[in-house]
Amino acid sequence: MRIGLFSDTYLPDINGVVTSVELLRKKLEERGHDVYVICTYPGVLKVVKEGNIIRLPGLEIKKLYGYAVTTPLHPLLYEDIEKLGLDLIHVHTEFGVGIFAEMCAAKFDLPVVRTYHTTYEDYTHYVNFLDLDVIDSYAKKLVASLTKVFADRATKMISPSKKTKEMLLRYGVKTDIAIIPTGTELYRFKKETSTEEDIQKVKEEVGLKEGQELILYVGRIAQEKSLEMLIEAFKILKEKKAPMKLVIIGGGPQLDELVQSVKTQDLEDYIYFGNKRPFDLVPHYYHSADAFVSASTSETQGMTYVEAMASGLVVFARHDESTEDLIQEGENGFYFDGASELADKLLAFHVLDKDTRKKMADVGEKIASEYDADVFCDKILKVYDEAIEEYSHYFTLKETKLKSDYVIVTLEKGNKESEEVIVSLDNFYNMGLRKNTKIKEEVVKELKEKEMDTKAYRACLARLASRDYSIYEMREYLKDKFMIIDTKQDEIISKLIEKGLLDDYQYAISKISLFSSKFFSRNKMISNLKKVHIADEIIAKVISDDGDEEYKKALKRAYYYQSTIKGKSLKAKKDAIYRKLLTDGFSSDIVKRAIESLDMSEDILREDITLRKEALKQKKHYMRKYSGTELRNRVFRSLAAKGFNYDDIYAIINEMEWKDE
């Protein structure tokens, strides 16, 4: 396998990321793999090539790990990267080299594995110059957002600890995350690798006095490491005249500040700063020490604890998730929460006998053995194999067709089969989709699941273009026509409301206007609005309680019915109008008032004509079955039922011609 390790920091730098990258490079090459390291160096002129190492020029940022940060734009280097014939890219940074790695992966169609080495939310103080909570909160949210973007672009993620994985999941990262602590070449930390001369040199360098115990810290000198707590503890130890000396090995942005602080407090006999040390010399410092200490809670996995335990040291640490599997209180180390407690526990450690210390050291060495470099490499290779296999099933976004409120994306798999998926504009941009990018199968599955939501939303827009709908009506439409869960229905409804496309108040106003044009009663208006679940408070706002207005509508409605009811007597017509107005929802009092106001003079004048027409109609109807007296009786009863006056009926029947007469 040909592997590219991309990192913003590498040898001769000394830090956790470098340790991980260098160890991985070495172990992969031992297994016969071709490994190339693409990193940075402090320079601005040209790319430097050293065998399988390619160094990009960058600007050294002392407050940011001391890394040389480079631009992600290196177009002239693409040809060199292509010639490497990489099978996979493993990214160890989120900065310039990391972005360049992603660009190379996209250009050369390669899977990306990303290790998240640093919990950046613990480093937001570097940009919070005013020490304001609001700035810190915003910075942490930005870290979470950017981390999710980088992580979700990777084929596989590697977390050095359970703590870091849980943090990534909290950020919303969806890429599969494997927990793989960085391994250690444990043999480097065996006591026998340091001679008595090596140890004596260290003790002379740090100025260790006869009878003093050496308490070691190895790591970055920066605010997030809480070294002030260690200094405060040794200030207490000085006051108690404890025979101990703190030796701090490492570099970083807070080095000068802390050196001056120690000098000002006259603690130089108790605290020594050794700055950075070459990789191969660091074990000598472990082997010269009596115990190891760190007050940091920003570690992703605590590899210096592993190195210390592999070196046979008892360790002191603050309570943190990253140390839960490493340190057992009283078994191989001690926990502390402040300077005073640390000082007390160091004094207690000082009086422990050799046998107890040896037992604790043995427990620590056994725990450290689980972090062997070969185990680490085997786990990484397993992730590589999974990433390459998974990547072979990725889709390529070949085409995008932008519509008014959605995008049609054309996806193509390795076998060149293509399919189109409708994606909302929000999802298209929020998911970072763009032409010619690789998309995971689970992302495609998610897009297809959301496609129904997009279709449902568009269907709602189409319906709203033709007429207004209440929220209830639109929700019922979604339930009947689309197989989407209630929460998705809620999202669509909420989106339509936010855009002002669904508004029960405006809907009610519109309906009231329509109902009024048809002279609906107040009760009928309310009934119709309640059918579509318009809230009572909205109904109360849009419907007037004006009695005169209600009477006017009833009267207009009565005149309409008067013109449409035919073939009835004046009394029957009034009864019919009365019933219809009641059915329309008008109150009995309003109906009586309206009917009393009707001008029925024309109906009165036409009563005789109406009676004659109806008599002839009924005679024609009944004469098919009856004759003589029975026929006349049938016509009489029919006309009487229609409300005509009895005397008028007798008069008309007597005037009519009957065959039996």
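The values are calculated or read from the model by the stated rules, or taken from the named source; none is laboratory data. Remember, it's a predicted structure, so these values are computed and weren't measured experimentally. So basically every Cβ, Gly included, is an ideal-geometry build from the backbone, and we count neighbours across all protein chains shown.
Confirm whether LEU86 is at pLDDT 85 or above, of a type outside the set (Lys, Arg) and within 35 Å of the chain's Cα centre (by Cα). For LEU86, the condition - at pLDDT 85 or above, of a type outside the set (Lys, Arg) and within 35 Å of the chain's Cα centre (by Cα) - is met.
Is it fair to say LEU23 is surrounded by fewer than 22 Cβ atoms within 10 Å (Cβ to Cβ) and within 23 Å of SER161 (Cα to Cα)? It is true that LEU23 is surrounded by fewer than 22 Cβ atoms within 10 Å (Cβ to Cβ) and within 23 Å of SER161 (Cα to Cα).
The C-beta contact set for the stretch 1-12 (first residue closer than 16 Å to GLU94 by Cβ and in the same structural domain as PHE100 (by TED's automatic domain parsing), second residue part of a loop (DSSP other than H, G, I, E, B) and of a type in the set (A, V, I, L, M, F, W, C), distance under 7 angstrom, 6+ apart or interchain) comprises ASP8/PHE95.
Look at the stretch 620-632: where a residue is of a type in the set (A, V, I, L, M) and a partner is surrounded by 14 or more Cβ atoms within 10 Å (Cβ to Cβ) and in a loop (DSSP other than H, G, I, E, B), sitting 6+ places away or on another chain with Cβ atoms under 6 Å, you get LEU631/MET623. Against the test of being farther than 28 Å from PHE636 by Cα and not hydroxyl-bearing (Ser, Thr, Tyr), the options LEU616, LEU582, LEU611 yield a single qualifying residue, LEU582.
One residue alone among ALA594, ALA615, ALA651 is surrounded by fewer than 17 Cβ atoms within 10 Å (Cβ to Cβ), out of contact with any strand residue (DSSP E or B) (no Cβ under 6 Å at 6 or more places or on another chain) and either of a type in the set (Gly, Ala, Ser) or over 28 Å from SER516 (Cα atoms) (or both), and that residue is ALA651. Restricted to strands (runs of 3 or more DSSP E) entirely inside the stretch 1-109, those with at least 1 residues that are under 21 Å from LYS276 (Cβ atoms) are 34-42, 48-50, 53-60. Yes or no: the stretch 169-181 includes at least one residue that is of a type outside the set (A, V, I, L, M), outside the structural domain of ASP362 (by TED's automatic domain parsing) and assigned to a helix (DSSP H, G or I). Yes, because at least one residue in the stretch 169-181 is of a type outside the set (A, V, I, L, M), outside the structural domain of ASP362 (by TED's automatic domain parsing) and assigned to a helix (DSSP H, G or I). Of all residues in the stretch 386-427, those satisfying the criterion of being under 23 Å from LEU110 (Cβ atoms) and in contact with an Asp or Glu (Cβ under 6 Å, 6 or more places away or on another chain) are HIS393, THR396, LYS398, THR410, LEU411, SER418.
Per-residue answers, yes or no, for (1) part of a helix (DSSP H, G or I); (2) modelled with pLDDT of 85 or more; (3) touching a Lys or Arg at 6+ places or on another chain (Cβ under 6 Å); (4) hydroxyl-bearing (Ser, Thr, Tyr):
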| residue | (1), (2), (3), (4) |
| --- | --- |
| SER544 | no, no, no, yes |
| LEU555 | yes, yes, no, no |
| SER563 | yes, yes, no, yes |
| LYS592 | yes, yes, no, no |
| ILE604 | yes, no, no, no |
| ARG612 | yes, yes, no, no |
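Going by the structure shown, is ASP136 surrounded by fewer than 18 Cβ atoms within 10 Å (Cβ to Cβ), part of a helix (DSSP H, G or I) and either hydroxyl-bearing (Ser, Thr, Tyr) or at pLDDT below 85 (or both)? Judged against the criteria, ASP136 is a match.
Taking the stretch 297-318 as the range and being small (Gly, Ala, Ser), within 32 Å of the chain's Cα centre (by Cα) and surrounded by fewer than 24 Cβ atoms within 10 Å (Cβ to Cβ) as the test, only SER298 passes. When restricted to residues that are exposed (fewer than 15 other Cβ atoms within 10 Å of the Cβ) and closer than 20 Å to THR70 by Cα, the stretch 1-20 contains 1. Within the stretch 488-527, if we keep just the residues that are closer than 30 Å to GLU449 by Cβ and among the basic types (Lys, Arg), the residue that is nearest to the chain's Cα centre (by Cα) turns out to be LYS488.
Let's see how each residue does on (1) modelled with pLDDT of 95 or more; (2) not β-branched (Val, Ile, Thr):
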residue: ILE271; (1), (2): yes, no
residue: GLY274; (1), (2): no, yes
residue: THR297; (1), (2): no, no
residue: PHE316; (1), (2): yes, yes
residue: HIS319; (1), (2): no, yes
residue: ASP325; (1), (2): no, yes
residue: GLN328; (1), (2): no, yes
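Looking at the stretch 59-70, is at least one residue at pLDDT 95 or above and either of a type outside the set (Phe, Trp, Tyr) or farther than 25 Å from LYS156 by Cα (or both)? No, because not a single residue in the stretch 59-70 is at pLDDT 95 or above and either of a type outside the set (Phe, Trp, Tyr) or farther than 25 Å from LYS156 by Cα (or both).
Looking across the stretch 535-570, the residues that are in contact with a Phe, Trp or Tyr (Cβ under 8 Å, 6 or more places away or on another chain) and either in the same structural domain as SER470 (by TED's automatic domain parsing) or exposed (fewer than 15 other Cβ atoms within 10 Å of the Cβ) (or both) come down to LYS541, LYS556, TYR560.
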